[in-house]
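The values are calculated or read from the model by the stated rules, or taken from the named source; none is laboratory data. Remember, predicted model here, so these are calculated numbers, not experimental data. Cβ atoms come from the backbone with ideal geometry, glycine included; neighbour counts cover every protein chain shown. To get the accessible areas, we keep the full protein, side chains included, count just its heavy atoms, and leave off ligands, DNA and RNA. Shrake-Rupley method; radii C 1.70, N 1.55, O 1.52, S 1.80 Å.
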Amino acid sequence: MSDKMEVYYFSPTGGTKKVSDIFAAAVGKDVVWHDLGDKQMLTEQPQGELIIVTAPVFAGRIPSVVREKIKTLAGEGKKAVTIAVYGNRAYEDALLEMNDILKQAGFTVIAAAAFVAQHSIVPEVGTGRPDAEDIKEIRAFAEAVKNSTSAENIHVPGNRPYKPEMKVAAAPLSLSSCTACGVCAKICPTDAIAAAEGKMVTDVSKCILCMACVHACPLQARILPPPLQEKTDNMLAAFRDIRNKNEVFF
Ligand SMILES: Cc1cc2nc3c(=O)[nH]c(=O)nc-3n(C[C@H](O)[C@H](O)[C@H](O)COP(=O)(O)O)c2cc1C
């Protein structure tokens, strides 16, 4: 394996990046990072023989921005490793979807993993993860990837057709404490937020509910609409007190 590795990641609230950093440090190669949350499409093709794709799980799938961008990668003769990062509920079809897209693009997917990070909408779920136990497991996965000589596609759980994509009925909103500084508009991966008459306005039809704007707001002036937050809190209540597991596939 060459000394370079390219990591394509999407991490609107930092959990996926945390997992990616632990993994990349343990592999110990020079890393070229590609942030799939950047507004522009990918312009360059991967150079090395191995790419890593890491994505958060959204409603059992991968976010549309990840899907649209990784489709454009040319993978002929290259290997890929996929990592789905989920919020302690379930990852369902996310790994399968990611692997299908990469295989279609010509990559051989030699390994995959699902790791848990804190839930980005309900932080009481998966709180503090990845924790020390997770870090050990992420490092062990990295070590196994580093030593792998496989040239075969792996099988991962999931169903086809995939779960229907999440419908976004309401987007995060700005509170009256918002100063329209524009940080949210700048970070939004789908350009759903714009300033209008001194206020930040969100286009629900573009929003993917990734929570990047809520996470980035320096004044904590972005929130989910309270009914949606409450509905999600209730939906995930059963996952507060359980510890869901990490899974690896070779
Ligand atoms: C819109 C949305 C949908 C989500 N759906 C799921 C899910 O189906 N299963 C799950 O376990 N976690 C789910 N999560 C939690 C995220 O997958 C998890 O918190 C992940 O670590 C977020 O990555 P990030 O911190 O890089 O943004 C969801 C989060 C969001 C924002």
Open item on the list: With the requirement that a residue be of a type in the set (S, T, N, Q) and in a loop (DSSP other than H, G, I, E, B), what does the stretch 1-55 give you?
Closed with: Ser2, Ser11, Thr13, Gln40, Thr43, Gln45, Gln47
Open item on the list: With of a type outside the set (Ser, Thr, Tyr), farther than 15 Å from Pro12 by Cα, assigned to a strand (DSSP E or B) and touching a residue at least 12 places away in the same chain (Cβ under 8 Å) as the only criterion, which of Met166, Met200 stands out?
Closed with: Met200
TODO: Taking only the stretch 214-233 into account, find how many residues are closer than 17 Å to Ala169 by Cβ and within 15 Å of the ligand (Cβ to nearest atom).
DONE: 9
Task: Residue check, Ile121 at negative phi, within 16 Å of the ligand (Cβ to nearest atom) and in contact with a Ser or Thr (Cβ under 8 Å, 6 or more places away or on another chain) - done: yes
Open item on the list: Give all pairs with beta carbons closer than 7 Å in which a residue from the stretch 13-36 that is farther than 18 Å from Glu143 by Cβ meets a residue that is of a type in the set (A, V, I, L, M, F, W, C) and more than 16 Å from the ligand (Cβ to nearest atom); count only pairs at least 6 apart in sequence or on separate chains.
Closed with: His34/Leu42
Task: Filtered residues of the stretch 44-68 (kept if open to solvent by 10 Å² or more (accessible area, probe 1.4 Å), over 11 Å from the mean Cα position of the chain (by Cα) and either within 16 Å of the ligand (Cβ to nearest atom) or without any contact (Cβ under 8 Å) to a residue 40 or more places away in the chain (or both)) - done: Glu44, Gln45, Ala59, Glu68
Task: Only one of Thr149, Thr127, Thr179 that is of a type in the set (S, T, N, Q), within 16 Å of the ligand (Cβ to nearest atom) and either more than 19 Å from Ile62 (Cβ to Cβ) or touching a Phe, Trp or Tyr at 6+ places or on another chain (Cβ under 9 Å) (or both) - done: Thr127
Open item on the list: Of everything in the stretch 88-114, what is among the β-branched types (Val, Ile, Thr), open to solvent by less than 10 Å² (accessible area, probe 1.4 Å) and free of Cβ contacts under 8 Å to residues at least 60 places away in the same chain? Give them in sequence order.
Closed with: Val109
- [ ] Mind telling me which of the residues Val81, Val85 ends up being crowded, with 23+ Cβ neighbours inside 10 Å, of a type in the set (A, V, I, L, M, F, W, C), within 10 Å of the chain's Cα centre (by Cα) and outside any loop (DSSP other than H, G, I, E, B)?
- [x] Val85
TODO: Go through the stretch 1-43 and give me each residue that's aromatic (Phe, Trp, Tyr) and buried (at least 19 other Cβ atoms within 10 Å of the Cβ).
DONE: Tyr8, Tyr9, Phe10, Phe23
TODO: Answer yes or no as to whether Val156 is closer than 23 Å to Gln40 by Cα, of a type in the set (A, V, I, L, M) and in a loop (DSSP other than H, G, I, E, B).
DONE: no
